[in-house]
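The next block holds one structure in the form of structure tokens; read it before the comments.
Each reported figure results from applying straightforward, stated rules to the coordinates on display, with no laboratory input. From a predicted model like this one, the values you see are computed outputs, not experimental measurements. Cβ sites come from the backbone with ideal geometry, for glycine too, and all protein chains shown count toward neighbours.
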Amino acid sequence: MSINKHARIFVAGHRGMVGSALMRSLQQAGYSQLITAGRNQLDLTCQSAVLSFFAEQKIEQVYLAAAKVGGIYANNTYPAEFIYENLIIECNIIHAAHQTGVNKLLFLGSSCIYPKLAEQPMREDALLTGMLEPTNEPYAIAKIAGIKLCESYNRQYGRDYRSVMPTNLYGPGDNFHAENSHVVPALIRRFHDAVQRGDDKVVVWGSGMPMREFLHVDDMAGASIYVMEMDANIYQMHTQPMLSHINVGTGVDCTIRELAETVAKVTGFKGRLVFDATKPDGTPRKLLDVSRLKNLGWEADLSLEDGLRHTYTWFLEHQSDFRS
């Protein structure tokens, strides 16, 4: 397949952690016409505005990374906003792409689409086989709808809209807020602050026994471009019309204790780790089966320790942005 490095590519959500990683990777890969629009320029929840933007900008390809995201507290507190905003953003973008003749689109989802009690590691065909995790069900439903939107336009109109489902992501551009961040940035912030204060211990929530998989966002961006550039015949050989999404991860997990020990090493913390078993552990294990992507020729490059070092360096360079 001939790859057009001069195609007009719209990266939706370019200021987020995933979107900014996509921008870096696309630029490094030689793509010369990357189209972006901030919230003050384009309201992605407005159907007419999105359609006009696609028509005026003559978009040829789309990376759909725009989404309303948040942790457990935010998902539990604002379920209506999480399902509404994510549904309407993806509906507007995917439909506008179709209406303006865009044939290539990549939708970025999340591993939360799988049932709470899915068999580990989670294969793509686990989708819709059980109940979702209640705390983020509205967000997961929206992401599942995005996959099915892409598949429906492919089946009815012959479009080439693809979907990738990443595992837990971390890296530059992450949210390092002291209270509202996910586990990797939360631990980096906690251990960094402990080093600065000279603390002799750091408390980590839970028993430390749950196992999680982590993928550096630059690896995620690389996988996204790899899937997008793949010849359509090869993509279709490894997927099905109504089971077309592809898991993206490392295929390797670790305990939260091991993660905390690695963060301590990266940040230079020499004290004790204390695990507060009164705090919830969550699901015992969440690991993606990445054999489909591996069979297609892509594997993650960064080890967890190297990825954490890279992320911590970025945090140090931007820590003035995370005072709260």
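Just a few scattered comments:
- Sole residue being among the hydrophobic types (A, V, I, L, M, F, W, C) and surrounded by fewer than 13 Cβ atoms within 10 Å (Cβ to Cβ), chosen from I234, I188: I234
- Whichever residue in region 32-79 is of a type in the set (G, A, S) and closer than 22 Å to N175 by Cα and, among such residues, is surrounded by the fewest Cβ atoms within 10 Å (Cβ to Cβ): G38
- Per-region count, region 25-53, residues touching a residue at least 40 places away in the same chain (Cβ under 8 Å) and not in a helix (DSSP H, G or I): 4
- Looking only at region 1-22, residues that are within 16 Å of Y170 (Cα to Cα) and of a type in the set (S, T, N, Q) come to 1 in all.
- Flag for D219 being among the acidic types (D, E), surrounded by 13 or more Cβ atoms within 10 Å (Cβ to Cβ) and more than 24 Å from V252 (Cα to Cα): no
- Test for V204: is it within 26 Å of A65 (Cβ to Cβ), touching a Leu at 6+ places or on another chain (Cβ under 9 Å) and not in a helix (DSSP H, G or I): no
- Across region 127-153, the number of residues qualifying as buried (at least 19 other Cβ atoms within 10 Å of the Cβ) and over 25 Å from Y84 (Cβ atoms) comes to 0.
- For region 267-289, residues that are farther than 18 Å from M209 by Cα and without any contact (Cβ under 8 Å) to a residue 60 or more places away in the chain total 1.
- Residue within region 87-97 that is under 19 Å from the mean Cα position of the chain (by Cα) and part of a loop (DSSP other than H, G, I, E, B) present: no
- Subset of region 124-149 that is out of contact with any Asp or Glu (no Cβ under 9 Å at 6 or more places or on another chain) and among the hydrophobic types (A, V, I, L, M, F, W, C) - its residue that is nearest to S244 (Cα to Cα): I147
- Residues (part of a helix (DSSP H, G or I) and among the aliphatic types (A, V, I, L, M)) located in region 98-132: I113, A126
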